[in-house]
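Some notes on the structure that comes next.
The values are calculated or read from the model by the stated rules, or taken from the named source; none is laboratory data. Everything quoted here is computed from the prediction, not taken from an experiment. Please note: Cβ atoms are built from the backbone with ideal geometry, for glycine as well, and neighbour counts cover all protein chains shown. Just so you know, the surface numbers come from the protein's heavy atoms only, side chains and all, with ligands and any DNA or RNA stripped out. Shrake-Rupley method; radii C 1.70, N 1.55, O 1.52, S 1.80 Å.
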Amino acid sequence: MRAVPEICLSLTGPTIRENLARLERYRPYIDLVELRADLLEQAEFGAIGRFPELAGVPAVLAVRKEQDGGRFGGGEDERRALFEAAFAARERGFAYLELEEEVPVPPGARRAVEEGMTRIIRARYCGAGVPVDLRNASHGLSRGTEIPKLVTAPRSTAELLALYGCAKADPADGRGPGERILYGTGPFGFPSRVLASRFGSRFVYTEPAEHDDPPGVLDPETLAVTYRFRELTDRTRLFGIIGDPVLHSRSPAIHNPAFTRLGFDAVYVPFPLDDIAQFLPLAEAFGIEGLSVTVPHKERVIPYLAAIDDAVAKTGACNTVIKTEAGFRGCNTDVYGFLTPLIAALRSRGAVTSDGSRSGGALRGITASVIGAGGAARSVVYALRSEGASVLILNRTPERAARLADEFGCSWAPLDEAGFTAMERFRDIVVQTTTAGMTPYEDEDPAAGFHFTGTEIAYDIVYHPPLTRFLSRAKDAGCTVIGGLEMLLHQGYRQFYLFTGQPYPEP
Ligand code: NAP
């Protein structure tokens, strides 16, 4: 049985006190901490030796040099003096000391190492990319009880796969299980950290979450709770999302907690995918059973699928792929996600029957205006038409509106005064599908010239911000309003059903 990797919190604060406060916040979720002494203020150096005692969990001491991405600018003599001070205490000391491969164990730490109180981590930072001969890069890195640590920076999905191939080929680096540290940094390395057990890494490094973090920072609580890190085994089923970029996606926070609530042994991981040709190799290598697909791959993925649903064929957009015996089947859950809150709103007005059905479609006899003619508008127009609504499409570039209208049997108009007048005859539902109004374009309202009477259902599929200018105007006029978050959640709930065969369990 594979050892469960330990969660290490990397402490990069300027003072011991601040680092201890960060540790306290995450204590329930971590197994050990790494003190990045190269980031401490110089005045703190004298207190480093007392840190393990104060921390109360096993501690790694790392004084990373500038060439390895650290900030220690001093010479080797200064670093040695720091190590001496750090290992002066005889009682509880550092459980691990990180050193580069060529650096001898400092005399002060030698006794702690010989007595088995401290283990040496032999680190090699490979810089940008993944070395072609990764196995040789890690071999010979360490001796005896030393733990080899190889840190790479994959720049592409292909490089992540190369790293994983190496991890699989030599799962323990010729040592006992989990007796090495191996991971990739940056967005493309993200899966190697969440799936550290599959990479056979002894530790996974995490950081405290800050408000203005770039996407992809992994904090211990998210790893332990959202990704169920400690429960992941070889039998855990793997799902995820592919896109570029993808680490900002909210989908892991939709799917993972639901797996936990159902007791369904699965994990949902974001996989940055820069080249669609890597989709099948990625899915195959990790044994992925289902994926959400996001920008820019919703169309590009289609040629790689063994089968597609009618909605994918008609919209040309696939946002979900499910593994079958024949290969991956492509589905479009945006259509379901869009319709579900809309039909619920109509039902509460008595405009559709209680089960949402009518012969000829749930929206037969209902008129709708759709602002925009981009990718998302295709799914919206398909959804409205497949349920029998009469649709007018308006777009800034009128030719695109005309083309979409022609394809789905709709009316069309330019997005101007003439178009707003035409909307008078298509106003039961008004759907906003453009990127205008979305962060950072919060001040925009592409339908500003259209006046709501309060009888319309106004639907903005933009979900960031939750209340766009368009929607706020409709709300003030007394309309029923639906925000894009509803669509996002319902398309996710449908994906969850396709992944697991079970309805999404409400929190
Ligand atoms: P897209 O394919 O790039 O289409 C953009 C559309 O916006 C085009 O019709 C474009 O008109 C129009 N547009 C852009 N700027 C405009 C402006 N200043 N004034 C008027 N029209 C403007 O984008 P998409 O993939 O369809 O996505 C559109 C929005 O839907 C995004 O905000 C996305 O987040 C959201 N979305 C939400 C969900 C959900 O689940 N809630 C799902 C999918 C998408 P032109 O043709 O003239 O350029």
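Solvent-accessible area per residue in the chain equals 43 Å², computed with a 1.4 angstrom probe and all protein chains kept. Dipole size of the chain about its Cα centre, with +1 on Lys/Arg Cβ and -1 on Asp/Glu Cβ: approximately 1080 debye, rounded to the nearest 20. Each of 318, 350, 337 was scored by the projection of its Cα onto the charge dipole of region 294-377, and the greatest displacement toward the positive side belongs to 350; charges sit on the C-beta of Lys, Arg, Asp and Glu. Element breakdown for the chain at a 1.4 angstrom probe: carbon and sulfur atoms account for 51% of the accessible area. The mean sequence separation of alpha-carbon pairs under 8 Å and at least six residues apart, normalised by the residue count of region 232-301, gives a relative contact order of 48 percent. The chymotrypsin sites (Phe, Trp or Tyr not before Pro) of region 348-457 that DSSP puts in a loop, and whose beta carbon has at most 16 other beta carbons within 10 Å, are 441.
With the charge dipole of the chain set up from +1 on Lys and Arg Cβ and -1 on Asp and Glu Cβ about the Cα centre, the Cα lying farthest toward the positive end among the listed residues 188, 291, 86 is that of 291.
Averaging 1/r across all pairs of distinct Cα atoms in the chain and inverting the result yields a Kirkwood radius of 25.6 Å. The reciprocal of the average 1/r between distinct C-alpha atoms defines the Kirkwood hydrodynamic radius, which for region 235-370 equals 16.6 Å. Since only 370, 238, 439 are under comparison, the one whose Cα sits farthest along the positive direction of the charge dipole of the chain, derived from C-beta charges on Lys, Arg, Asp and Glu, is 238. Angle, helix 398-408 long axis vs. longest principal axis of the chain, Cα atoms, 0 to 90°, nearest 10? With both axes taken from Cα atoms, the answer is about 80 degrees.
Residues of the chain were split at every exposed loop site, defined as GluC sites (Glu not before Pro) in a DSSP loop with at most 11 other C-beta atoms within 10 angstrom, and the longest piece left, sites excluded, is 326-507. Dipole size of region 300-346 about its Cα centre, with +1 on Lys/Arg Cβ and -1 on Asp/Glu Cβ: approximately 120 debye, rounded to the nearest 20. Summary value for the chain: 9 percent relative contact order, contacts being C-alpha pairs under 8 angstrom separated by 6+ residues.
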